[in-house]
Amino acid sequence: MITSELPVLHKKKRGRPGRPPAPNKKPRKSPLEKCPMGVQRGRKANGMAQQNGEGDPVTLFEVVKQGKSAMQSVVDDWIESYKQDRDLALLDLINFFIQCSGCKGTVRIEMFRNMQNAEIIRKMTEEFDEDSGDYPLTISGPLWKKFRYNFCEFICVLIRQCQYSIIYDEYMMDTVISLLTGLSDSQVRAFRHTSTLAAMKLMTALVNVALNLSINQDNTQRQYEAERNKMVGKRANEKLELLLQRRKELQENQDEIENMMNSIFKGIFVHRYRDAIAEIRAICIEEIGVWMKMYSDAFLNDSYLKYVGWTLHDRQGEVRLKCLKALQNLYTNRELFPKLELFTNRFKDRIVSMTLDKEYDVAVEAIRLVTLILQGSEDALSNEDCENVYHLVYSAHRPVAVAAGEFLHRKLFSRHDPQAEEALAKRRGRSSPNGNLIRMLVLFFLESELHEHAAYLVDSLWESSQELLKDWECMTELLLEEPVQGEEVLSDRQESALIELTICTIRQAAEAHPPVGRGTGKRVLTAKERKTQIDDKNKLTEHFIMALPMLLSKYQTDAEKVANLLQIPQYFDLDVYSAGRMEKHLDALLKQIKFVVEKHTDTEVLEACSKTYSILCSEEYTIMNRVDIGRSQLIDELAERFNHSVEELLQAGEEADDDDIYNVLSTLKKLTAFHNAHDLTRWDLFGNCYRLLRTGIEQGSMPEQIAVQALQCSHYSILWQLVKITEGAPSKYYNDYGDIIKETLSKTRQTDKILCAKTLILSLQQLFNELIQDQGPNLDRTSSHVSGIKELARRFALTFGLDQIKTREAVATLHKDGIEFAFKYQNPKGPEYPPPNLAFLEVLCEFSSKLLRQDKKTVHSYLEKFMTEQMMERREDIWLPLISYRNSLLTGGDEDRMSITSGSSSSKAGSIRSKKGRPPLHKKRIEEESVESSWMMRNDTLQTPGALQTPQLTSTVLRENPRQAAEHLPEQNSEPGSESDYVHNPQMQMSWLGQQKMEDVNRKERTAVNYMKARSGGVRQTVRGLMEDDAEPIFEDVMMSSRGQLEDMSEEFEDTMVIDLPPSRNRRERAELRPDFFDSAAMIEDESVRMNSCVPLCSFNVKYLHMNTFSTPLQVVSKLCIL
């Protein structure tokens, strides 16, 4: 019995003698012979040996790591050294395993001879490098990339070269197994991982040796029996004795190998297959699968299979994957199925359930394993088991779906009788025997009740059933054949399903890539795949050029079938019409399409006809002229019919009957469908459409459907005309329009910066609300729509320019309105959920860079008014907008220690502020109450004269989200500073920043007075010093201590805010060359809207610009940013 606690005893050597050393080869010296004991040269700090000065490896570890020498040569050198001094050779091998674990320690000869294995391992553990968790099996880089392979190969070759002598000496193997057993039980992961891998590879090599011994035993036994069965005169007794002696020797060696394997299995595998490290568990399961496949007579039984079965429930996908692959290697061999029967019955349910594993790789391998089980025994799986796999053909993950498609193919499409199928095909006159299989495919598609995913089903079966799916001749025959007495034909529902599947197979063959939702996009085809694609496209084109007119003729009254069939021409190689002289089939197709247009008024069918004409009319093909003639004839007839029916309808007036209305509506729908993809301007459809619309407006009696179709047809007419105009002059209108909008924004900013800022933020809020209405409250912040709003906000931010002093109040007001909008409503689910508009803060982040550093702190304080303690602690993804916005305000807010002046060179510029500490909690509560009370009364404070007249237009009023408005009723009539305050009082009563600063002054004075009253005179000096150390920054550097000084500061600040840079010469020249679009004389007068001398953006008369489609500043400003 081998133990790690007792030193290895030297036993009598048995087995064959070793091979003599090669005469021309010197044994490789042990590292102990090259340098003094315990002091090896060239060792790194991490314990891995370097090379010597001549560049040659100095240890066995270095030789294996570099992998420059053939492994058999390396092993032969070690064997030679072992024959000369086995202790030194074994010491070299022991240090090899220690160094492969990344340990910097070295086992010396004294330790090897006098210490137990446990003591040696404990000593090596103490010398382990704890600074790094990496070791050779886990280190990345090109040098270590092949180390694992070299390490495993060395062990395999070592056992193979020693299998005839050394492994039976009861010394080398006992020592190695004892060492690996002790290391595998170490608390150090590197020791445990490396030794387990070494032990499992050692076991695999021993299993191979045992298998060879078993084969030799069988051969020797047969030879012995053959010789013994000979007649007495011909029997060779010496040969019998030799065979008997050889058989006995082989049996003894077999027993020795079995003892070694039992020691490894019971001492290492049984403990490490459930190790805490998933990679170690995976190593054990992978190797036991190799043993069972290599030597099935010894290992393929329930005693070993149970470990694989138990590990199918492992919590790590990596280990489950190894289990499935190990079982796949076993189920591939059908001869092993009888030995696997009990295991299959016991663990089948678990394997089937793993087809739904959360790890896609595991699910794929589980499906493949179930497929192998099905191939070995169809009775092993119940119908319920199969159904669990069937539906996976509709999985969005393509490898899972393809594996399920292989299972479906094996189950449903591989059990047919070829002779019976061919006989039935001949009897029905079919060219293909796949009729029943295609019927079965249709039935499976219908029973799955996922009819909209036909493309997924075809893609899943494409690799396994491609021959069946490309049998378009058989599909066409099933659709066109007439019913025969005694045989069941396809039902209407089955015909629709078959047509849909046919279209999907055509698309898959022509495009040669999976459908949308499967895969990561189109990949580059190989030369073989490209050739297959071209061949398939030619094959389907040649077939359906002739078959499609017949199919349309049969199903021309069925709208659904016709709409699907008309998708086929888009996958044609249209050159085949000319190259194959098949123009007659083209004429037949055009004739059938014309019949379809005349019979149907369904929009989907008409659009399919229009698209087919558009494809056939491509200028790159020679058939274009022929198709264009047919299209023109069809439009001529429709246009003439339309004009005539319009005249009859208008003449009949209110007396028009249903026939008159139907005639106009049917022809108009057909013309509209064609006008979408074809330029029909030469038929002048716009005139009659305009007459219908004008009549409807004047008389109000036009049917709604006719009005909708007339409006849509007019829309297409205008678009086609616009295309012609823009192709001739693509830039003039675009540039002029952009200049007008830019000038509008510029004038608005000059009129009132704060109102302009509020208009911008209202525009963003309106966009945000529209997005909420479309997508719901749970926005995808990574979507293109949200990114578009953020990009618009970024461009808005650029309009504030670089002079932050001039735009200081406007930007602060913009942030204030944005914060109020974000927290306007509470989440109906409770306070632990974010407000519905919280994501708007992510848009508001784009304006944070435009705040002065000291203003960021003020805005942040205002933000904290709306935040609860729970909000400050939340870190989930849904709270990221709030976290991002707070970070954008805190960045640079506290680092600013420099005084900022606004045009004044007084001594205030030199004032120095003391560092501000974190205010105590009671002080923070007082500040919040003060800020709230003063802010709520801000409209009753200082008045600014000269307020502008309230504009009449209200297009900038934020359109509320109706769902939010219904869920949240306001608690008060109107919150100060809200949207209604802005609409009815466009000039703010007082600077918001000034109010915030004044509130800070009042709060500080009250706090100081209350605090001073509570103290005696002797403590006042101390309190004063403490207050100065914890004082607020002076107006974020010039805070006043009285109201009068604050007013003085406000006046000074207001003086600086009106400073404006003179316009550049280019701007003046442009102003002289352009008409003043804001001059009232240049406007079309409108009594309901009269512009004042200072016109805000919201009251700009867009009628002058013929832009009455843009009803809100959002649309105008958004257009500007796009330009």
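The values are calculated or read from the model by the stated rules, or taken from the named source; none is laboratory data. What you see is a predicted model, and the numbers here were worked out from it, not measured in a lab. Backbone-built Cβ (ideal geometry, glycine too); neighbour counts: all protein chains shown. Only protein heavy atoms, including side chains, enter the accessible area calculation; ligands, DNA and RNA are left aside. Shrake-Rupley method; radii C 1.70, N 1.55, O 1.52, S 1.80 Å.
Quick look at the values:
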{"quantity": "Per DSSP, loop trypsin sites (Lys or Arg not before Pro) in the range 247-331 with at most 10 further Cβ within 10 Å", "calculated": "315"}
{"quantity": "Residues residue 353 and residue 134, FRET efficiency given R0 of 30 Å [Cβ-Cβ distance, rounded to 0.05]", "calculated": "0.20"}
{"quantity": "Estimated dipole of the range 260-299 in Debye, rounded to 20 [Cβ of Lys and Arg +1, of Asp and Glu -1, Cα centre]", "calculated": "120"}
{"quantity": "Dipole magnitude of the range 463-604, debye to nearest 20 (Cβ charges: Lys/Arg +1, Asp/Glu -1, about Cα centre)", "calculated": "740"}
{"quantity": "Loop-located GluC sites (Glu not before Pro) in the range 773-870 whose Cβ has at most 14 other Cβ within 10 Å (DSSP)", "calculated": "832"}
{"quantity": "Residue among 445, 494, 526 farthest towards the positive dipole end of the range 435-529, charges placed on Cβ", "calculated": "526"}
{"quantity": "FRET efficiency estimate (nearest 0.05) - Cβ-Cβ, residue 625 to residue 463, R0 35 angstrom", "calculated": "0.25"}
{"quantity": "In sequence order, calculated HN-Hα J values of the range 185-190 (Karplus, 6.51, -1.76, 1.60; Hz; x Gly/Pro)", "calculated": "9, 6, 7, 7, 4, 4"}
{"quantity": "Sequence of 85, 185 from largest to smallest accessible area, 1.4 Å probe", "calculated": "185, 85"}
{"quantity": "With DNA, RNA and ligands ignored, accessible area of residue 152 (1.4 Å probe; Å², nearest 10)", "calculated": "20"}
{"quantity": "Backbone N under 18 Å from the residue 723 label point (7 Å along Cα→Cβ), restricted to the range 595-620", "calculated": "607-620"}
{"quantity": "Karplus-derived 3J(HN,Hα), 6.51/-1.76/1.60, for each residue of the range 742-751, Hz, glycine and proline x", "calculated": "4, 5, 4, 5, 4, 5, 5, 5, 5, 5"}
{"quantity": "Exposure of residue 537 as accessible area (Å², to 10), given a probe of 1.4 Å and all protein chains", "calculated": "70"}
{"quantity": "Cα-based shape type of the range 749-899, given that a ≥ b ≥ c are square roots of the gyration tensor eigenvalues and the cut on a/c is 1.5", "calculated": "oblate"}
{"quantity": "Estimated FRET transfer efficiency (residue 360, residue 387; beta-carbon r; R0 22 Å; 0.05)", "calculated": "0.60"}
{"quantity": "Highest-first arrangement of 718-725, 853-860, 217-224, 176-183, where packing means the average Cβ count within 10 Å", "calculated": "176-183, 853-860, 217-224, 718-725"}
{"quantity": "Rough spin-label spacing in nm, given labels placed 7 Å along Cα→Cβ, for residue 480 and residue 535", "calculated": "2.4"}
{"quantity": "Other-chain or far-sequence residues with amide H under 5 Å of residue 58's (modelled H)", "calculated": "52"}
{"quantity": "Cα→Cβ-extended label distance, 7 Å offset, between residue 242 and residue 528, nm", "calculated": "5.2"}
{"quantity": "From phi via Karplus (6.51, -1.76, 1.60), per-residue ³J(HN,Hα) for the range 298-304 in Hz, x at Gly/Pro", "calculated": "9, 10, 7, 8, 5, 5, 9"}
{"quantity": "Distance between modelled label sites at residue 473 and residue 560, nm, 7 Å Cα→Cβ extension", "calculated": "3.0"}
{"quantity": "Shape metrics for the range 271-370, restricted to C-alpha atoms - Rg then Dmax, Å", "calculated": "12.5, 36"}
{"quantity": "Lys, Arg +1 and Asp, Glu -1 on Cβ, resulting dipole of the range 658-783 about Cα centre, debye, nearest 20", "calculated": "540"}
{"quantity": "Paramagnetic reach from residue 297 (point 7 Å along Cα→Cβ, amide N under 16 Å) across the range 215-243", "calculated": "215-225"}
{"quantity": "Value of Rg/Rh across the range 80-215 [Cα atoms, Kirkwood radius]", "calculated": "0.97"}
{"quantity": "Residue-level accessible surface for residue 872, protein heavy atoms, 1.4 Å, Å²", "calculated": "40"}
